[in-house]
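Working notes for the structure below.
The values are calculated or read from the model by the stated rules, or taken from the named source; none is laboratory data. What you see is a predicted model, and the numbers here were worked out from it, not measured in a lab. When we count neighbours, we look across all protein chains shown, and the Cβ atoms used for this are built from the backbone with ideal geometry, even at glycine. Surface areas here come from the heavy atoms of the whole protein model, side chains and all, with no ligands, DNA or RNA. Shrake-Rupley method; radii C 1.70, N 1.55, O 1.52, S 1.80 Å.
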Amino acid sequence: MADPAPLLCARDIGFGYDRQPVLAGINLTVNAGELVCILGPNGCGKTTLLKILLGALQPQQGEVMVQGRPLTQLSARVRGQTLSYVPQDTDVAFTYPVHALVAMARWPWRPDTWWSDWGMLQTQDEAIITEALQQTHLDTLARRSFQTLSGGEQQRVLWARAVAQTTPVMLLDEPVSNMDPKQQVHLLDGLQHWVRAGGAACLVCHDLNIAANWGTRVIFMQAGRIILDAPPAVALCEAPIAATYGVKPTFSGITFTTEES
Amino acid sequence: MYLRKHHIFILNVMTWLLWLTVMFCASLIGPGTSGPTISWSWDNPTIFDLRVTRIIAAGAVGAALSSAGVLLQALLRNPLADATVLGIAGGAAVGVTGFTLYGPALLSSTISLSVFYTWQPWGTPLFALLGAFAAAGAVFWLTRQQRGGPAMDPLTLLLTGVIVNACCAALLVFMNALAPDANKRLELSIYMMGHLQDGLTTQSVLIATIATGLVWLTMLRFAGAFNIATLRSSEATTLGINLPGIRLLMFIGATILAALTVPLAGPIAFVGLICPHLLRLLLGSDQRQLLLLAPPMGGILVVVADSFVRTTGVWFNGDLPVGALTALLGGPFFLLLLRRGEYRHG
């Protein structure tokens, strides 16, 4: 039997807003057990690439394959069972409590009956939601309104929702940018644990330390193209960083420990 | 404030029962020589028929406007939205007025007037729908994605909608002034406030009521997805809903619901705006619960207000428009709600 198809695969992606090219010739494969960190200067197309990978934007060229099938051919339900997305932040138009927002993750898994679009949670859904809330230390905030939370707490809710969605692929856009170091470590350790259990993650971030400590692969982007795709030990050296960002890095050797003091 | 499941169930049953009770009580009150009086009118079938028809019409109008408000505010992710804001109400009013003022003159060469009046209970809502979809379609077309900007940017959408609605109101004034049959011209100052129309037939009220009920049930069937549709597009895309399809469904449902009220009561503003806010204050923001309780909330509001104006004609030299009452009472109440810190619009 041939190798199973990669969980996520982008082939020759090209995209532009109003004839201004943003992405060109992007090829990217993410397998189970990989945590791919996408880095690059502002405006290089990282977030646009992520939106194409999750199906919110349609590429003008090339296609995205998920588990060997084109993303555009997946039903909304299957797409929701396969891909989860952690945005950097969100604006919730109405006052949903934390529990309700996390519970939305179970919508793609509702039974396939004519009345199930009402969205009644099954017993196993409740268990998964409770576990996700506990794992992200949100159980005490479950009844609070999302808008009353701090920026870091809101990011934890978005992360909890992706965890509760139980998908094989997770796409994250600067998920820890508002968190304190302890929460950052907690989320990234959780993500690493999830990836080692067979998940595949794409993480857009600006923090080279995150890529160094948690990434299994690093992708540097510049002006809409991938200029380097390599393990952290190779990518995070002086020459590639200088080539990507135009700054000279200093290595001080600070790493976060995973133990909470 | 978040209610528990069984509390929500009890609240639902109570509110629906209250609505029925209010409608029943309203049927017992009639206009007297010095104000509202309790009058058993079952001995006079004609008066009873007229009264019951009007009460059911008021109930249906309130229910439809309130449900349309819930749908539009969720669709636009904006607590300011209602049918008047998107041009739906104005477009429907133009459609209805055009049909009733110009229909007989334009069609008299092809069909006889008796045929026209036979089909009028079907033609009026049809033209209300045509007008509403034309106006709302124009609003969405004008707000479509341009030059890489955000698709359906809420602010642009609201601004365009307000302008289209104002154009419809102006068009209505011209159409009224140029109407071939002077006797049929509208009293626009009353019509534009929203007023249960005189001479509503049982047939036209039944058509609107049944259609409203069917559309509402259809919306309820998909209501679970509406919660997810209120999230940002990129998030909703990965949460298992067909976002363009669900948004189109909400738009069509809200337009039909709001348009159907116009042949009965003209473009009533405010009910569709305030009812979703009152419901969210009671229930939180779960769109399923809001949609479930929207009909009794709007129904009670309009039936009570209409019963007041129906029975107090002697105080005001004839009937007040019901929209004047809902706006006059609802406005200050609404401002009071906004002043309270814990309520955050949404």
Short version: which residues of the stretch B:216-265 lose at least 50 Å² of accessible area, all chains versus chain alone, 1.4 Å probe?
B:221, B:231, B:232, B:234, B:235, B:237, B:238, B:239, B:240
Accessible surface of residue B:102 in the full protein assembly, 1.4 angstrom probe, to the nearest 10 Å²?
50 Å²
Normalised convex hull volume, the stretch B:247-346, alpha-carbon set, Å³ per residue
103 Å³
Just for the Cα atoms in chain A, what are the lengths along the principal axes, largest first, rounded to whole Å?
55, 47, 44
Evaluated at 4 °C with a viscosity of 1.567 mPa s, what Stokes-Einstein diffusion coefficient in µm²/s does the stretch B:257-315 have when Rh comes from the Kirkwood expression over alpha-carbon pairs?
102 µm²/s
Residue-normalised accessible area of the protein assembly as shown, expressed per residue, 1.4 Å probe, Å²
45 Å²
Which of A:32, A:93, A:142 moves the most in a Gaussian network model of chain A with Cα springs under 10 Å?
A:93
Could you work out the relative contact order of the stretch B:162-315, using alpha carbon pairs under 8 angstrom and six or more residues apart, expressed as a whole percent?
28 percent
Out of all DSSP beta bridges with both ends in the protein assembly as shown, state the antiparallel percent to the nearest 5.
60 percent
At R0 = 35 Å, FRET efficiency that the Cβ-Cβ distance of residue B:218 and residue B:167 yields, to 0.05:
0.70
Please check chain A for the longest run free of GluC sites (Glu not before Pro) that are loop-located per DSSP (anything but H, G, I, E, B) and have at most 12 other Cβ atoms within 10 Å.
A:1-258
Positions from the stretch A:73-108 whose accessible area shrinks by 30 Å² or more when the full protein complex is built, not the chain alone, probe 1.4 Å:
A:76, A:79, A:85, A:90, A:91, A:93, A:94, A:95, A:96, A:104, A:107
How much of the calculated P(r) for the stretch B:2-144 lies past 17 Å, in percent of all Cα pairs?
75 percent
Using the Kirkwood radius over C-alpha pairs as Rh, can you work out the diffusion coefficient of chain B via Stokes-Einstein at 37 °C, viscosity 0.692 mPa s, in µm² per second?
158 µm²/s
What's the FRET efficiency of residue B:202 with residue A:147 using the Cβ-Cβ distance as r and R₀ = 35 Å, to the nearest 0.05?
0.15
How many percent of the accessible area of the protein assembly as shown is carbon or sulfur, using a 1.4 Å probe?
63 percent
Losing no less than 20 Å² of accessible area (probe 1.4 Å) relative to the isolated chain, the residues of the stretch B:277-324 are B:285, B:288
Checking understanding here: applying a Kyte-Doolittle mean of at least -1.0 and a length along the axis of at least 18 Å (C-alpha), which whole DSSP H helices in chain B pass?
B:5-28, B:45-75, B:88-107, B:113-142, B:154-177, B:202-221, B:243-265, B:287-311, B:322-339
Got the relative contact order for chain A handy, in percent, Cα pairs under 8 Å and 6 or more residues apart?
27 percent
Bounding extents of the stretch A:1-128 in its principal axis frame from Cα atoms, largest first in Å, are 46, 45, 28
For B:6, B:277, A:137, A:193, give the ranking by accessible area with the largest first, probe 1.4 Å.
A:193, B:6, A:137, B:277
Using +1 on the beta carbon of Lys and Arg, -1 on that of Asp and Glu, and nothing else charged, what's the dipole of the protein assembly as shown about the Cα centre, debye to 20?
440 debye
Of A:112, A:117, which has the most accessible area with a 1.4 Å probe, and how do the rest follow in descending order?
A:112, A:117
Value at 222 nm in deg cm²/dmol, rounded to 500, when DSSP H runs of n ≥ 4 in chain A each add -39,500 (n - 2.57)
-9000 deg cm²/dmol
Semi-axis lengths (Å, descending) of the ellipsoid that matches the C-alpha gyration tensor of the stretch A:123-249:
31, 16, 12
I'd like the chymotrypsin sites (Phe, Trp or Tyr not before Pro) in the stretch B:239-346 restricted to DSSP loop residues with at most 16 other Cβ atoms within 10 Å, sorted by number.
B:316, B:343
If each Cα of the stretch B:41-91 is one equal point scatterer, what is log10 of I(q)/I(0) from the Debye formula at q = 0.24, 0.28, 0.32 Å⁻¹?
-0.84, -0.99, -1.09
What is the ratio of the Cα radius of gyration of the protein assembly as shown to 2.2 N^0.38 Å, where N is its residue count, to two decimals?
1.14
Exposed loop chymotrypsin sites (Phe, Trp or Tyr not before Pro) only (DSSP loop, at most 16 other Cβ atoms within 10 Å): please give the longest stretch of chain A free of them, not including the sites.
A:116-250
For chains B and A, what's the summed buried accessible area, probe 1.4 Å, to the nearest 100 square angstrom?
3100 Å²
Run lengths n ≥ 4 of DSSP H only: what is the helix-derived mean residue ellipticity at 222 nm for chain B, with -39500 (n - 2.57) per run over all residues, to the nearest 500?
-24000 deg cm²/dmol
Sites excluded, trypsin sites (Lys or Arg not before Pro) in DSSP loops with at most 16 other C-beta within 10 Å, longest stretch of chain B
B:5-143
Rounded to the nearest 0.05, what FRET efficiency do residue B:144 and residue B:28 give with R0 = 56 Å and r taken as the Cβ-Cβ distance? Could you check?
0.60
For the stretch B:69-115 versus the stretch B:216-247, the gap between their alpha-carbon centres in whole angstrom:
27 Å
Accessible area of residue A:139, 1.4 Å probe, to the nearest 10 Å²?
80 Å²
Debye sum, Cα scatterers, the stretch A:61-173, no solvent: what log₁₀ I/I(0) at q = 0.14 1/Å?
-0.61
Counting alpha carbon pairs within less than 8 Å and at least 6 residues apart, what relative contact order, in whole percent, applies to chain B?
33 percent
Solvent-accessible surface (1.4 angstrom probe) belonging to residue B:233, in square angstrom, nearest 10:
60 Å²
Tell me, what is a quarter of the convex hull surface for the C-alpha atoms of the stretch B:86-127, in nm² with one decimal?
2.8 nm²
Skipping prolines and chain starts, which residues have an amide H placed within reach, meaning under 5 Å, of the one on residue A:227, given they are 5 or more residues away or on another chain?
A:220, A:221, A:222
Non-local amide H neighbours of residue B:196 (under 5 Å, H modeled in plane, Pro and chain starts lacking H): which ones?
B:322
For the pair residue A:112 and residue A:251, how long in nm is the line joining their label points, each one 7 Å along Cα→Cβ?
5.2 nm
Would you kindly state how much longer the chain becomes between residue B:315 and residue B:39 on full extension, computed as 0.36 nm times their sequence separation minus their alpha carbon distance, in nm to one decimal?
97.5 nm
